[in-house]
Each structure stands twice: as C-alpha cells, then as structure tokens.
Amino acid sequence: FLFPYIQLDFEEAANLMDANRDVVTISIGDEDLKAKRQGPAGGFPPDVRKNLDFLSTNKCQCLKCRLIMFILFWLKLLAGQKKSAPFWTFEYYQAFFDVETHHVKERIIGSMLPWPGKNFIQVYLRKNPDLYGPFWICTTLVFACAISGNISTFLHKFGSSGYKYTPEFQKVTIAATAIFTYAWLVPLGLWGFLLWRNNKILNLVSYSFMEIICVYGYSLSVYIPAVVLWIIQVEWLRWCFMVVALCVSGSVLVTTFWPAVRDDNPRVTIAVIAIILLLNALLAVGCKAVRSAGVSYVLLHPCNCCTNDSNPVSVG
Amino acid sequence: MTSAEEASRPFAGLSDVSIPDIPVEGDISLPVASSARDDEFSTLDEPVKETILRDLRAVANKFVHVLYPKRSSVLLRDWDLWGPLLLCVTLALLLQGGAADSNDQGGPQFAEVFVIIWFGSIIITLNSKLLGGTLSFFQSLCVLGYCIMPLTVAMVVCRIVLYTASGKVSFAVRLVVVTASFGWSTFASTAFLADSQPSNRRGLVVYPVFLFYFVIGWMILTFSP
C-alpha cells in the first residue's frame, strides 16, 4: 500500500534467467491492479502468476534478483488488497470501515466464543475486514487496564495509613504502547512470515494483512471483561480469569492460523503456533505487571509508604 | 428643418443641442444589498467591546443550546471553536494542583488533558467521517467540544465539594454529580451526532463518544488535591 503505482519491467529479469526462456516481459500498471480479484495465491492472471511464482522461487542471490524479490513482496501486498483508491485519499480508508453495528457485535461475540473448526476469518470476516473493531477494542483495553489498575491499587491500600491516592495517569501511556505494539506490529511480522512461507509451500489458505490485524484486534476483546474483573481482590480468582482469557484469546488465534501453517514443515508449524501463544501470554502477564508495578512503586517510594512498613512487598 | 424630417431621423434633433452647465443634484437611492454592505464595512468603526461581545454572545448562545439539547441546528450551522478551547483550557487548569508532592505518580498534567481532549475529539470525528457521516470535520469538533460543558461544571462542583467536605460523603456526592454530567454530555452530543449517520451505524458512532466522556469523567472523579 505504499507504492500503488509501480511500473515494473521484467525485461531485465528475463535477461538474468538463462535457464528459462519463456519469462515474458510484464509491465504492471494501476489498471491491472484494479482489475485483480482477491484470490488465494495473489490476484494476478494465471500466466503472470506462473512467472511470478517462478521468479519467487529463484535461488539467485545477486543484487538484481534480490531487488526483484523485494519488489515482488510489495506487489503481493498490493495484490492482496482489494481497495483501488490511492492511499492518500480518504476513500481508501473509508473502505475499511464498511461495517454495521450488528457486524461488529457478531464479530466480538464470535471472538469470545471460539469453536474448534470455526475459523474466525472465514466465518465472521468473510472478505470484509474492518479497522473499526481492532482500533476501538485496543483503545478500550488501554483505558480499562489503566482504570482497573488504579481502582485495584486504591482498594488494596484503602485501609493503610499514609497512603495518598494518586490517579497514576502514566499507566495509560505504558498500557497504550504495549497494547498497540502487540496489536499492530505482531500481525505485520506474522503476515510477512506467512507470505515468505507461502512462496515455498504454495498454500491454499492465505490471509491478507487487514484480515490478520482484524483477528488480532478482535481476539483482544475477551481481555476487556477480564481486566475489569481483575479489580476483585482475591488472588486465585485473578489468576483464574487471566488463564481463561488467555485460553479463549489463544484458541481464536490458533484456530485461525492453523489452516495456514499446517501444511508446512512440522517444526515450523509448532514454532509459529508457539510464538503466537507466547506473545499473547506475554501481553496478559505484562498487563498484570503494569497494574501491580504501581503498587510496588507506591510502597517503595519514600514519600508514600507508611512509616512503619519498611519491607517492600511486591503485589502481583 | 421641418418636424417631419426630424421625426424620420432618430436622434437628429440632438446634433445641435448645447448642454448648459447646470449642476445636477438629487438623491440616489441604492438597492438594499449595497446598503447592507455599507453596514458591514461600518463594523470597522464600532468599538472593540462590541466586536468581542458579539462573539461572546454567540458562544454563550451555544452553551445554552447544550444545556437544553433540543434538535436545533445552531451548533452545526454557526460552528466555532472558541467555546471548546475555553472549556478545554478551564478543565485542564482545574485538573491541575492534584497530588502536588510527587510528580511521577500524579494526576494528568495540563498537556495530557489538552491532548486527550483535542486528539480524542479529532479521532472521534475521523471515525464518524470514515463511517460515512454527513457532518463536516469542524462541525463535529465543535459539537464534541461544546458538550464537554456539563463535565466542566461538574469539575467546578467537585472542587467546591472537596474544599468543604471530605471522606465518603464527598466521594458519594462527587460520584453522583460526575455520573449525571457524563450522562448529560453523552446524551447532548448524541442528539447532534447520531442524526448525521445512517441508522445501521449509529451504535458504532455513539460508542467512541461514550468512551471519550467516560475517560474525562474518570479524570474528574479521581482528582484529589
């Protein structure tokens, strides 16, 4: 989506490929891109796709070949997007908000009740990923995290003397950084990785960048009630809620990405699934740590701790 | 020349007419439009107090419309950003002075409140435009800014309550006041914004507004000097 109008001449590439004489000269302009349908292995017509697939499996490591691979990478990105307006216009982004209230409600409920075999992207998104859900769910989660952390600190320290209530507004910044990084950078990495593996394996199932962002955004929606329930001061109940949220969110991600990686080398499959779950767990634990970091800071800070209590207790 | 010849040739009789030097005088009455233009130009001569008061009256008029949210188009037709700026600065100043001893774990700083209000408004406006809203960018900003007024009033009330009472009673009073004003703000802005959206997306537009005023209400409620 960064360079919608790439004029690519494959003549140079043809000169490099001594082995294969039927690499044709392709020039790809914007009208070709507009006509592409969003298909499983990219939206190009079969003969172009054959040549592109050949080029993408080329093992030559010279500079020209690598430059062509790089350009192919961005071409595939563009081919996967069905929006045809240039990225600097408003209409380009308006196409990502083409949802209605009941769509969003269904998607949120679907992400909270995962079912084995029900792929979130295929069942709920149906080729219409939106940016509304991921963005507002992330924002809500940020504020819910900060507010619930504030309330639980307050409730924990309510009785003890010397405690001065502070709104701890800095938590919002920390939570926002963590959550938005997770919800937007991890999908980018995962999408790039799946694209790279697709070149080797030629999977039937491939997801566009927007769809992956959508899945990650909606999978965070189960954390919102979990974070609100963390106000309850019972420790084992908190861990219980966190584990439940982790399982639900993780299973949404796993059922979605399993079809995309199961045809791969088993080690790669397990590694990908493990990393997805690990990052998810890291987010959950990180959220908890941010909330409790305020408590231990308050206890250690000389201005705020009560005069009799000198051992710093870290509360999880 | 005979009169018949004069009549046959048009303007024939004017060739030998000599115009004496008679000064022409009288009143020229201009049509209505140019007299209004004359009035506008004459605002340069009015006292500065009058100019400022005109804007202040417009802002105050909009405040009244927020207090009694009817379906009127005053806020939308003559939008201005003076009111939102005034309210935002007032709110940010009132939220200062809390938790004054430790700067680290304190309340929101002036810049944070300012940024939250303005960037929050901008993001909500962009959201409603992306969802296909018919309000213009600045009209939307104007509405969201003016509807912060009940929350600013609640902030003033909270500060007064904090000076006079303390403990559970003050917290309960503050909670009630902030909740009421948060509901009022959301209702007032929804009355303006929801009409501009198709009915199947109204919920999607109203929720961010709810979240925005909830966060501001939270900042007001947790203010402790």
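Under 7 Å between Cβ atoms, at least 6 apart or on separate chains: pull out the pairs that start in region B:118-142 with a residue that is closer than 13 Å to B:PHE192 by Cα and within 14 Å of another protein chain (Cβ to nearest Cβ) and end on any residue that is crowded, with 17+ Cβ neighbours inside 10 Å and of a type in the set (Val, Ile, Thr). Going by the 7 Å Cβ cut-off, the qualifying pairs are B:SER128/B:VAL205; B:GLY133/B:VAL205. Looking only at region A:93-113, residues that are free of Cβ contacts under 8 Å to residues at least 60 places away in the same chain and within 13 Å of chain B (Cβ to nearest Cβ) come to 13 in all. Of all residues assigned to region A:203-214, at least one qualifies as being farther than 23 Å from A:GLY110 by Cβ and in contact with a helix residue (DSSP H, G or I) (Cβ under 8 Å, 6 or more places away or on another chain).
Yes or no: region B:166-180 includes at least one residue that is within 14 Å of chain A (Cβ to nearest Cβ), crowded, with 19+ Cβ neighbours inside 10 Å and under 24 Å from A:LYS171 (Cα atoms).
Just the residues of region B:166-180 that are within 14 Å of chain A (Cβ to nearest Cβ), to begin with: B:166-168, B:170-171, B:174-175, B:178.
Going one step further and asking which of them are crowded, with 19+ Cβ neighbours inside 10 Å, we end up with B:174, B:178.
Pick out the ones that are also under 24 Å from A:LYS171 (Cα atoms) and you get B:174, B:178.
Yes - at least one qualifying residue is present in region B:166-180.
Pairs are defined by a Cβ separation below 6 Å, a sequence spacing of at least 6 or placement on different chains, a first member in region B:75-91 that is in contact (Cβ under 8 Å) with a residue 12 or more places away in the chain, and a second member that is hydrophobic (A, V, I, L, M, F, W, C) and not in a helix (DSSP H, G or I); the pairs so defined are B:LEU87/B:ILE148. The residues in region A:85-142 that are closer than 19 Å to A:THR256 by Cβ, assigned to a loop (DSSP other than H, G, I, E, B) and among the small types (Gly, Ala, Ser) can be counted, and the count is 1.
Conditions (1) under 30 Å from the mean Cα position of the chain (by Cα); (2) modelled with pLDDT under 80; (3) more than 30 Å from B:CYS147 (Cα to Cα), marked per residue:
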| residue | (1), (2), (3) |
| --- | --- |
| B:SER8 | no, yes, yes |
| B:LEU14 | no, yes, yes |
| B:ASP27 | no, yes, yes |
| B:ASP38 | yes, yes, yes |
| B:LYS49 | yes, no, no |
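Which residue, of A:TYR216, A:TYR207, is over 18 Å from A:ILE137 (Cα atoms), touching a residue at least 40 places away in the same chain (Cβ under 8 Å) and not basic (Lys, Arg)? Step through it out loud before you land on a result.
Numbers: A:TYR216 fails: over 18 Å from A:ILE137 (Cα atoms).
Going through A:TYR216, A:TYR207 in turn, the sole match is A:TYR207.
Among the conditions (1) more than 13 Å from chain A (Cβ to nearest Cβ); (2) farther than 24 Å from A:CYS138 by Cα, the only one that B:GLY183 does not satisfy is (2).
Listed here are the helices (runs of 4 or more DSSP H) enclosed by region A:209-264 that have at least 1 residues being in contact with a Phe, Trp or Tyr (Cβ under 9 Å, 6 or more places away or on another chain), of a type in the set (Val, Ile, Thr) and under 21 Å from A:ARG126 (Cβ atoms): A:209-219, A:235-261.
Please go through region B:189-204 and give me each residue that is within 9 Å of another protein chain (Cβ to nearest Cβ) and touching a Leu at 6+ places or on another chain (Cβ under 7 Å), ordered by number. Those that are within 9 Å of another protein chain (Cβ to nearest Cβ) and touching a Leu at 6+ places or on another chain (Cβ under 7 Å): B:ARG201, B:LEU204.
The values are calculated or read from the model by the stated rules, or taken from the named source; none is laboratory data. Please read all numbers here as calculations on a predicted model, not as lab measurements. Positions of Cβ are backbone-derived with ideal geometry, glycine not excepted, and every protein chain shown enters the neighbour counts.
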